[in-house]
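First comes the structure, then the notes that go with it.
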Amino acid sequence: MRIVCIGDSLTYGYGVKRASVWTALASRAMPGSEIVNKGINGDTTGGMLSRFETDAAGSGPDVIFVMGGSNDIFFSGSIAEAKCNMAAMVFRCMHRRIRPVIGSPLPVYEAGLSDKWKAFASGVCVGRLLGEYSDWLMAFADSFGVPLIDFRQSIPDDPAGAASFYLDGIHASEEGHRRMAGLWAEGMMKLVE
């Protein structure tokens, strides 16, 4: 099975070694599957939509995993465009008879947020919008029968565990990627059973 993962830095694996990114780790957990990482640091869902045909659908995958929207919220303070663009990518998959799978992005971990990202990603408004967006993704996926992998479930509940999950309050650490890979591989293997 060929799976293309299109997204932003949460897919690309900002700040960690290529071998430690969740897509690479999941590849080892799913022998016989080819998992292609088409994440771009800083990308928005608009950028993903503009490269969707060349980077994802045009390569003939069986499944396209789509995750994005955090940067839309950080840069515009809105979820409207992210919702439209995610829906468009899912429907393009369906039109091409490619199975879509949606990813729900990570929340911001305020306690560990690097000064580098505070101008974009801090505050109650950002947290509220990310929560609303994740809720919308779940409702959208349910309405159209699209599988969803909620990476929020991979974050430990305790403060020490949450701190070790994040690299800088936005991106996952190597430990975070390990946990994301386990959750993702488990969800994907259910789809192919």
> Considering only helices (runs of 4 or more DSSP H) fully contained in the range 81-193, which possess at least 1 residues that are without any contact (Cβ under 8 Å) to a residue 40 or more places away in the chain and farther than 24 Å from residue 41 by Cβ?
Replying inline: 124-144, 159-165, 174-192
> Looking at 162, 185, 139, which one is aliphatic (A, V, I, L, M), open to solvent by less than 20 Å² (accessible area, probe 1.4 Å) and closer than 24 Å to residue 86 by Cα?
Replying inline: 185
>> Tally up the residues in the range 68-80 that are outside any loop (DSSP other than H, G, I, E, B) and touching a helix residue (DSSP H, G or I) at 6+ places or on another chain (Cβ under 6 Å), please.
In response: 3
> Of the residues in the range 9-45, how many are in a helix (DSSP H, G or I), without any contact (Cβ under 8 Å) to a residue 40 or more places away in the chain and crowded, with 18+ Cβ neighbours inside 10 Å?
Replying inline: 2
> Within the range 83-112, how many residues turn out to be open to solvent by 10 Å² or more (accessible area, probe 1.4 Å) and either more than 18 Å from residue 184 (Cα to Cα) or of a type in the set (D, E, K, R) (or both)?
Replying inline: 18
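The values are calculated or read from the model by the stated rules, or taken from the named source; none is laboratory data. Note that the structure is a prediction, hence the values are computed from the model and not measured. For neighbour counting, all protein chains shown are included, and Cβ atoms are generated from backbone atoms with ideal geometry for every residue, glycine included. Note: areas computed on protein heavy atoms with side chains; ligands, DNA, RNA excluded. Shrake-Rupley method; radii C 1.70, N 1.55, O 1.52, S 1.80 Å.
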